[in-house]
1. So B:Ile602 clears everything in (1) surrounded by fewer than 20 Cβ atoms within 10 Å (Cβ to Cβ); (2) in a loop (DSSP other than H, G, I, E, B); (3) in contact (Cβ under 8 Å) with a residue 12 or more places away in the chain except one condition, right? Which one?
2. Before we move on, is B:Asp730 buried (at least 21 other Cβ atoms within 10 Å of the Cβ), more than 18 Å from B:Asp69 (Cα to Cα) and acidic (Asp, Glu)?
3. Going by the conditions given, is A:Leu106 under 18 Å from the mean Cα position of the chain (by Cα) and either at pLDDT 90 or above or at the interface with chain B (Cβ under 10 Å from one of its Cβ atoms) (or both)?
4. Those residues that are buried (at least 23 other Cβ atoms within 10 Å of the Cβ) and either touching a Pro at 6+ places or on another chain (Cβ under 6 Å) or in a loop (DSSP other than H, G, I, E, B) (or both), I need them from region B:747-758; list them, please.
5. Having 1 or more residues that are surrounded by 19 or more Cβ atoms within 10 Å (Cβ to Cβ) and out of contact with any helix residue (DSSP H, G or I) (no Cβ under 8 Å at 6 or more places or on another chain) is the bar; report the strands (runs of 3 or more DSSP E) wholly within region B:1-119 that clear it.
6. Go over the candidates B:Ala797, B:Ala806 one by one and state the one that is hydrophobic (A, V, I, L, M, F, W, C) and in a loop (DSSP other than H, G, I, E, B).
7. Restricting attention to region A:69-103, and to residues there that are at the interface with chain B (Cβ under 7 Å from one of its Cβ atoms) and touching a residue at least 12 places away in the same chain (Cβ under 8 Å), which single residue is nearest to B:Arg169 (Cα to Cα)?
Amino acid sequence: MIFFLLTLLGLIFLSLIVPAWIWLLAVPFLSACLARMGWKKGAFIGAAAAGLFWFGAAAIAYIAGARIVADRVAGVFGIGPGLVLVPLTGFLAALIGGISGAAGGLVQPPKQ
Amino acid sequence: MKPVWRLFCAFILLAGIFAGLNRPISSLPPLGTFFNPFQGFWQNGRQIDYLPLQVSLLDLQRPVIVQWDKNRVPHLFAESDADLYCAQGYLVARDRLWQMDMQTRAAAGCLSQIFGKRALEDDRLMRRIGLSWAAEKNLNTIMSDSLCRLALDSFSRGVNAYIDQLDFRDFPLEYKLLNDRPQPWSPLRTALLLKQMAWYLTGYGNHVREKRMANVYATLDSADIERFYPDRPPLGEPIVPAGTPWRFSPVPPRTDCETADQPADSQFPIRPAVPVSNEYALGSNNWAVSGSRTRSGAPILCNDPHLGLGLPSVWYEMQLSSPHQNVYGVTFPGAPGIVIGFTSSLAWGVTNAETDVADWFRIYFTSNRSTYRYADGFRPVTARIETLQVRGSPALIDTVLHTHHGPVVFSRDKEPTDSRMPVDAALCWSGHRASNELATFLWLNRAATVSEADSALRGYVSPGQNFILADADGNIAIRHTGGFPIRRKGQGRLLLDGSDPSDEWSGWIPFDHLPAAHNPRQGFLSSANQIPADSTYPYYLSGNYFAFERGNRINEILHRRSDWNGLDMAQVQRDVLNPDVPRVLPRLLRILLQKGVISAWIDTLETWNGEYRKNLIAPSLYEAWWQELESSLWENHLHLSRTGLPRPRWDVTLKMLLQPTDDPFFDDSSTFEVETLVHWTTRSFERALEVMQQQHGEPGASWRWGEVRKTDIPHLLRFPSFGRHGLSVDGEGRTVSAVTHRTGPTWCMIVELTRPVRAWGTYPGGQSGHPGSLFYDDRIDGWINGQVEELLYLENAGDHHPWLIAGTRMEAKP
């Protein structure tokens, strides 16, 4: 749990300073690497933290006034109502975070 | 695996993900950036709708006060013109940056930088017709005028100040979708925008007329040409009331010999047939009623320019006030000042002139194409090198040959982008002439009387417009304004000989000789893109003029009353009666009844008054019937599909339908029987019912006009979810409210020049160009229902009004 929270906080903190998506690659990777999580746990924690982070941020944006733009963008991609983009954003982040967490776990496997 | 190898593999994996999600894949934007809630499209929500209390701009000398009304229209109050135009640039960019950027890049032929090879042919066409070349020439003229230079420099600074403070996350949504970024603004871009509008309004019917007419001249004798393809529309009233005397001595053309029966140039490819569109021409209406016909005793001026419908909206509405002006109206996003609008004592509006100002000259090159034949000698060709940057491909170099007539748009050695344009022919277009239309609008913005406004029109060249004017002193005026060439009769209908000096234009019709009328006895003036003057006008004018319907209908309505008020005019702008119907429908129905045709739909058509209401079935039936009748008549008589002839104008069809039923025109020469109008009427009626059933199913709601002819307001990028599609709207191309599938009134304005002035207006769209904004398309529903809203004209920055919702103070950055 602590690693999950640290990963999540790291993502939030760095994204607020520099709003770049590369943090989804860097933070779960480093987190899994430094904490020697192993690839499974690294993937899980990376996916959960990154997914929850972007899902939450997208949900807040949607509620705060991005409903119209989400509907229009969803129309461009042909994927139904804009609300679908909230979990899709979370899913994309989870995918990136999961892979980078797994990669971090593979670089520094857990101590036997 | 060794740790270093694991690290290497992880690095490769993450780098691959980074590369994959940080760059566009096919037509998808870079997904990592695009979906990032802190940078991507999630940042394009309603944040942009929140109006700032304060804005700091480096270029302002004194504060500019902006009041925002309930329609999000900004009312700007500045202490100098420089500050006013700078603030205008900033605010227009804030709402419409992507639109103005994209439109000027299209005009410059730079879309391939964004869209790659698929935009290459469009870019090539823009370069080859010489739009950039003409805009550069115009800019030199514009910048030599101190007011225009000040306006363009200040406006550009305002736009760039807005661009400079943008982070990626603030970019309009379309940039993120296209993986693009805003380009800095410059005066040249405004010149390009105006030039693009000039080309658009010169009219495609006029650009390609020569090629269409070549088929006609090669196929028909002169009597049939005059009968089926007349130079002047056969019915209707001109813009300048008939009988208006011409108080000038006309400048004669270079030669008086007619060219009307000149054979088509043998070099001019006649086949394949030029495609014929059934979409009616773009059109606009304007009229002014003098105080003798209004309840208040003050003139009323109305204008509704009909253009292609689109989002973001064509126009941006605003009020501009400085010590030299206080003007309200609409402008093209990207141009300083107001294009159509009013001041406290003057109103003006425009409709497209439709007079042909583009001719093609056949060029006889020498073998190495470095010179061309002219008179008894040769003239050198100049080459303009156009470099097209293409996304994902090497740059393309295109050489455009220029003659003294103009650019050779398509050469024989290159496949033409547009098969309707001739090859090895130079385009001679009034828009190529160095001119300064911006000055006209900026001076109109500060004019107080019709006389001052008329002076502002001097020097206006392209696109030709019918300017209508009214002032609070009770004057009304109209002027067919623009750079119109002096031609001999018939000149320009066909390809001209570029080597023959006598084929050249003989100069320009002087401003004081243009068709114009001031304070006519009838008490009103109007225009609806019809022919500007009657046959007594001493200059030869020709063009793709609109038929009689809208013009006659407006005049007929205005004649009826002498107690007009402003809001009554909204009803006139919404009028949807097609005057063709009462002229021809009773005759056609009588033929059906005499022939014994039994159909329930005959009753429907008999009781129809000719109004194109969206909930009626009769307009759908009539249109289907008209299409069948028109096609079959012309196919029978001119064999259009075989000969490649263009279908004659619909007012010519109407004229033929009013001939005696046994006129030889109606006979089918391939049969032994003698066909009459009765034959074609009954056959086309039956066929129309079949077509309706095939295309729209069983009779019912799907046959209603609003379902059969839907209207689209597409986004510039054609993403369906960014536009409004399938709208059910009253009206048709021939009614005063001329709504078609893709065109319609883009700004409906009514101004009553009382003191204080009162005005009403609306347009199909919204102030914001951001698809995520509430104000992106918020006025479309009102536009569909024909509602106009009162426009708030403020006298001072400190005025209070319940419609004002917010204020912004724009200050000089310390």
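The values are calculated or read from the model by the stated rules, or taken from the named source; none is laboratory data. Everything quoted here is computed from the prediction, not taken from an experiment. Here Cβ is always computed from backbone atoms with ideal geometry, including for glycine, and neighbour counts include all displayed protein chains.
1. All conditions pass for B:Ile602, except number (2).
2. Details: buried (at least 21 other Cβ atoms within 10 Å of the Cβ): yes; more than 18 Å from B:Asp69 (Cα to Cα): yes; acidic (Asp, Glu): yes.
It is true that B:Asp730 is buried (at least 21 other Cβ atoms within 10 Å of the Cβ), more than 18 Å from B:Asp69 (Cα to Cα) and acidic (Asp, Glu).
3. Spelling it out, it is not the case that A:Leu106 is under 18 Å from the mean Cα position of the chain (by Cα) and either at pLDDT 90 or above or at the interface with chain B (Cβ under 10 Å from one of its Cβ atoms) (or both).
4. Narrowing region B:747-758 to residues buried (at least 23 other Cβ atoms within 10 Å of the Cβ): B:747-753.
Hits for region B:747-758 are B:Trp747, B:Leu753.
5. Qualifying strands (runs of 3 or more DSSP E): B:64-69, B:74-77.
6. Working: B:Ala806 fails: in a loop (DSSP other than H, G, I, E, B).
Just a single option satisfies the conditions, and that option is B:Ala797.
7. Among those that are at the interface with chain B (Cβ under 7 Å from one of its Cβ atoms) and touching a residue at least 12 places away in the same chain (Cβ under 8 Å), it is A:Val69.
Residue-by-condition table, conditions (1) at pLDDT below 95; (2) surrounded by fewer than 23 Cβ atoms within 10 Å (Cβ to Cβ):
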residue: B:Pro272; (1), (2): yes, yes
residue: B:Pro275; (1), (2): yes, yes
residue: B:Ser284; (1), (2): yes, no
residue: B:His306; (1), (2): yes, no
residue: B:Ala347; (1), (2): no, no
residue: B:Phe361; (1), (2): yes, no
